[in-house]
Amino acid sequence: MKFADLHLHTNFSDGTFSPEELVALANKNGLACIALTDHDTVEGCTRAEEATAAVTMEFIPGTELTAEQGDVEVHILGYFLDTQNKKLLTEIAKFQAVRRQRIHEMVARINQLDVPLKVDDVFALANCRSPGRPHVARALVKAGLVANLDEAFERFLKKNRPAWVPKAKMSALEGIELIHQAGGLAVMAHPGLNRTDEIIPALVEARLDGIECFHTKHSTTMAERYLEFAEKYHLLVTGGSDCHGFSKNRPLIGTVKLPYDHVERMKAKVAERKLATTNVHQ
Ligand code: AMP
Ligand code: ZN
Ligand code: FE
Ligand code: FE
């Protein structure tokens with residue numbers, strides 16, 4: 001049996017592994033195929049692809065966009081993207097700028113609470129164009145201002161805590177269209193995490209291609225529930241570990257193994273869509 005992990009982060013966003021380290025771990029775990037899905041960026045894809053080629057592993061260029069449907073935050077995974085697509089690169093660059101501005105605001109709010117975190121220390125630690133809350137949390141731990149990452153999120157960074165800054169998001173429809181025009185498939189990430197079932201029909205209406213049924217934080221019951229949604233709405237089934245590096249002393253990569261036939265179905269849909277657009281243009 002061949003397996004894939006289609007939800008992975010590197011240090012091009014809030015993961016801690018380099019693309020090469022991630023691929024080495026994927027190889028160690030016997031994965032036949034991986035997708036890189038860094039937040040609002042595709043920058044790590046070139047290096048990850050080169051590293052997979054060296055170990056004859058299949059690579060899918062991807063991203064994880066933060067979007068919203070109404071006032072519900074939803075993460076949209078993009079797969080088989082053209083990572084040189086101009087519109088995709090222009091749009092995600094805007095959201096990366098928002099992310100950097102948001103780091104300044106979060107640190108200012110933390111400073112107002114007399115916690116002397118330095119914004120330069122956060123950027124030095126993040127060292128990427130698409131920084132996020134985990135970088136602020138890690139900088140707080142590194143400076144000895146909190147005991148651990150959980151404390152950082154609980155005290156400051158979780159939704160509605162004092163340093164939580166909402167970020168400007170694209171609509172789910174815009175996210176799905178952005179992925180489609182870059183040749184990709186749009187998949188709803190970890191639906192079980194934020195109780196977003198009620199928005200699924202609207203996403204389907206917006207031409208969502210798939211749903212992430214298997215995820216580290218999904219119970220078996222949740223996975224079964226989303227497999228039913230997939231069947232009902234004719235959605236592709238995906239899955240991944242959402243590995244961000246070491247979590248409680250071990251990396252999550254390898255804990256979610258998606259049977260490879262789901263990747264075959266994804267590829268068939270990409271090919272079908274390419275054929276349809278070629279026919280239209282003839
Ligand atoms: P951001 O995109 O900056 O809002 O950060 C979101 C990321 O923060 C997620 O992808 C998770 O990796 C991480 N995260 C969110 N909530 C928590 C939490 N309560 N504890 C630890 N990490 C979290
Ligand atoms: Zn993340
Ligand atoms: Fe996510
Ligand atoms: Fe993720």
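The values are calculated or read from the model by the stated rules, or taken from the named source; none is laboratory data. Since we're looking at a predicted model, the values are computed, not measured. Note that each Cβ is placed from the backbone with ideal geometry, even for glycine, and that neighbours are counted across all protein chains shown.
Within the set Met57, Met106, the sole residue that is more than 16 Å from ligand 4 (Cβ to nearest atom), at pLDDT 95 or above, more than 17 Å from the chain's Cα centre (by Cα) and crowded, with 21+ Cβ neighbours inside 10 Å turns out to be Met106. The residue list Ile211, Ile253 contains one member that is crowded, with 17+ Cβ neighbours inside 10 Å and not in a strand (DSSP E or B), which is Ile253. Among the residues making up the range 101-120, those that are part of a helix (DSSP H, G or I) and either of a type in the set (Val, Ile, Thr) or touching a strand residue (DSSP E or B) at 6+ places or on another chain (Cβ under 9 Å) (or both) are Ile103, Val107, Ile110, Val119. Being surrounded by 15 or more Cβ atoms within 10 Å (Cβ to Cβ) and not aliphatic (A, V, I, L, M) is a property that does not hold for Glu154. Restricted to the range 16-44, and to residues there that are among the β-branched types (Val, Ile, Thr) and either out of contact with any strand residue (DSSP E or B) (no Cβ under 8 Å at 6 or more places or on another chain) or within 16 Å of Asn127 (Cβ to Cβ) (or both), the residue that is surrounded by the most Cβ atoms within 10 Å (Cβ to Cβ) is Thr41. Working only within the range 190-226, note down all residues that are more than 19 Å from Ala172 (Cα to Cα), out of contact with any helix residue (DSSP H, G or I) (no Cβ under 7 Å at 6 or more places or on another chain) and within 15 Å of ligand 4 (Cβ to nearest atom). Hits for the range 190-226 are His215, Thr216, Lys217, His218. If you go through the range 168-179 and keep only what is in contact with a helix residue (DSSP H, G or I) (Cβ under 8 Å, 6 or more places away or on another chain) and surrounded by fewer than 16 Cβ atoms within 10 Å (Cβ to Cβ), you end up with just Ala168. In this structure, does Phe229 turn out to be surrounded by fewer than 24 Cβ atoms within 10 Å (Cβ to Cβ), among the hydrophobic types (A, V, I, L, M, F, W, C) and more than 27 Å from Leu173 (Cα to Cα)? When the stated conditions are applied, Phe229 does not pass them. Just to be sure, is Val270 surrounded by 14 or more Cβ atoms within 10 Å (Cβ to Cβ), on the phi < 0 side of the Ramachandran plot, touching an Asp or Glu at 6+ places or on another chain (Cβ under 8 Å) and not in a strand (DSSP E or B)? Taking the combined requirement at face value, the residue does not satisfy it. Of the set (1) surrounded by fewer than 19 Cβ atoms within 10 Å (Cβ to Cβ); (2) closer than 29 Å to Met188 by Cβ; (3) β-branched (Val, Ile, Thr), all apply to Ile92 but (1).
If you go through the range 150-163 and keep only what is away from ligand 3 (no atom under 16 Å from the Cβ) and of a type in the set (A, V, I, L, M, F, W, C), you end up with Ala152, Phe156, Ala163.
Restricting the range 237-247 to residues that are out of contact with any strand residue (DSSP E or B) (no Cβ under 7 Å at 6 or more places or on another chain) and either among the hydroxyl-bearing types (Ser, Thr, Tyr) or within 11 Å of ligand 1 (Cβ to nearest atom) (or both) leaves a set whose member that is farthest from Glu21 (Cα to Cα) is Ser247. Looking only at the range 165-197, which residues are within 16 Å of ligand 3 (Cβ to nearest atom) and in a loop (DSSP other than H, G, I, E, B)? Pro166, Lys167, Lys169, Ala189, His190, Pro191, Gly192, Leu193, Asn194, Arg195, Thr196 - these are the residues of the range 165-197 that are within 16 Å of ligand 3 (Cβ to nearest atom) and in a loop (DSSP other than H, G, I, E, B). Those strands (runs of 3 or more DSSP E) of the range 10-80 in which 1 or more residues are under 15 Å from Pro251 (Cβ atoms) and either more than 16 Å from ligand 2 (Cβ to nearest atom) or in contact with a Cys (Cβ under 6 Å, 6 or more places away or on another chain) (or both) occupy 33-36.
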